[in-house]
Amino acid sequence: MTAIAHAPGTHVEVRGHRLWVETEGGGEPVLLLAGLGPAGSHAVFHPFFTPLAADHRVVYVDLHGRGRSDRPGDPREITFADDVADIAALVEALGLGPVHVYGFSYGGLLGQALALDHPDLVRTLTLANSLHSPEMWQLNHANINRVLATQFPEAWAEIQAGRARGLRSTDPELQALFGRAARLVRFHNPDNAALLPDEPGIRNTELYPVFVGEDVDFMVGGEVARIPDFRRRLGDLAVPLLVLAGRFDRALYPALQRQFLDFAPGARLVMLERSGSFGHIEETDTVLGLVREFVASGRVSELS
């Protein structure tokens, strides 16, 4: 994994706590909402979005309890609804709205809620290897398990043995086993896993099992199970929607990503042919080119 060079940042107080915000560049603002599950920091975007700062104001944010933002005394205080409310308050506090939103993974769920519940704050919405429902989150893990069982049968056998001993999937012993498949599941070229940014605190490991449920790899729980199913509402989106999908994402795979078109007929889907889950890492220039075109016109040409 690679070390991180951060953009200039500061804490911004919203709703009684401080969120860490970094900005670079000038022009129309593009707000990046991170993933790595619900526990990751904005650092997953560095340095890949820095070229976008040549003609846009790129805004990075750590959600409450993640990265450099304030942390509550009890991680159970962090909810999806509060994350959405925080982002809405942040956009207003910074005077960004309406803003172009780029939601990666969990950040895409936040982006959908923001665009549907606060349409005045959003100009365009890009979903990058994201989800539309808790059901899709569960399918994500089912697909990972399928890859483990077929491609890493020795690790899968150890996972099953651990579960027979009563271990939950978020137990560190089992998480290490699940991690063996990450390079294959998440990347077109498994060697590109080495490009993932890394630094202390990039992922709140205490929050993760609380938010997703202790046995999330087999059954979502916690706050994830309470996230709204956005499928019925996607047709009500009042902003242009772009969906970016990695052809080699074996967890949130292309067939799942195409479901967004079923529920948001006006959406556009672009398949990234040399990417897994992390298109902004494996096809940086392509992704930034698509984002530039989309935020400029609300549409993307030559869609697949």
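Please pick out the residue among Ala93, Ala89, Ala54, Ala113 that is open to solvent by less than 30 Å² (accessible area, probe 1.4 Å), at pLDDT 95 or above, more than 24 Å from Gly221 (Cα to Cα) and of a type in the set (Gly, Ala, Ser). One residue alone meets the criteria, Ala89.
The sole residue among Gly289, Gly222, Gly298 that is in contact with a helix residue (DSSP H, G or I) (Cβ under 8 Å, 6 or more places away or on another chain) and of a type outside the set (A, V, I, L, M) is Gly222.
Picking from residues in segment 284-304 that are touching an Asp or Glu at 6+ places or on another chain (Cβ under 8 Å) and either outside any loop (DSSP other than H, G, I, E, B) or surrounded by 15 or more Cβ atoms within 10 Å (Cβ to Cβ) (or both), the one that is modelled with the highest pLDDT is Arg292. For segment 11-38, a residue qualifies if it is open to solvent by 30 Å² or more (accessible area, probe 1.4 Å), of a type outside the set (Asp, Glu) and in contact (Cβ under 8 Å) with a residue 12 or more places away in the chain, and the qualifying residues are His11, Arg15, Arg18, Trp20, Thr23, Gly25, Gly26, Gly27, Leu36. Residues that are out of contact with any Gly (no Cβ under 9 Å at 6 or more places or on another chain) and either in a loop (DSSP other than H, G, I, E, B) or crowded, with 19+ Cβ neighbours inside 10 Å (or both) within segment 230-241 comprise Phe230, Leu234, Ala238, listed in sequence order. Give the residue that is least open to solvent (accessible area, probe 1.4 Å), with candidates limited to residues of segment 158-202 that are touching a residue at least 24 places away in the same chain (Cβ under 8 Å) and polar (S, T, N, Q). The residue in question is Ser169.
Check whether at least one residue in segment 203-224 is of a type outside the set (A, V, I, L, M), farther than 15 Å from Ala251 by Cβ, open to solvent by 60 Å² or more (accessible area, probe 1.4 Å) and free of Cβ contacts under 8 Å to residues at least 12 places away in the same chain, and report yes or no. Looking for residues that are of a type outside the set (A, V, I, L, M), farther than 15 Å from Ala251 by Cβ, open to solvent by 60 Å² or more (accessible area, probe 1.4 Å) and free of Cβ contacts under 8 Å to residues at least 12 places away in the same chain, one finds none in segment 203-224, hence no. Within segment 250-272, restricting attention to residues that are in a loop (DSSP other than H, G, I, E, B) and touching a helix residue (DSSP H, G or I) at 6+ places or on another chain (Cβ under 9 Å), the residue that is farthest from Met136 (Cα to Cα) is Gly266.
The values are calculated or read from the model by the stated rules, or taken from the named source; none is laboratory data. Here the structure is a predicted model, which is why all the values come from computation and not from measurement. Using ideal geometry, Cβ is built from the backbone for each residue, glycine included, and neighbour counts are taken over all protein chains shown. Just the protein is used for accessible areas: all its heavy atoms, side chains included, with ligands, DNA and RNA removed. Shrake-Rupley method; radii C 1.70, N 1.55, O 1.52, S 1.80 Å.
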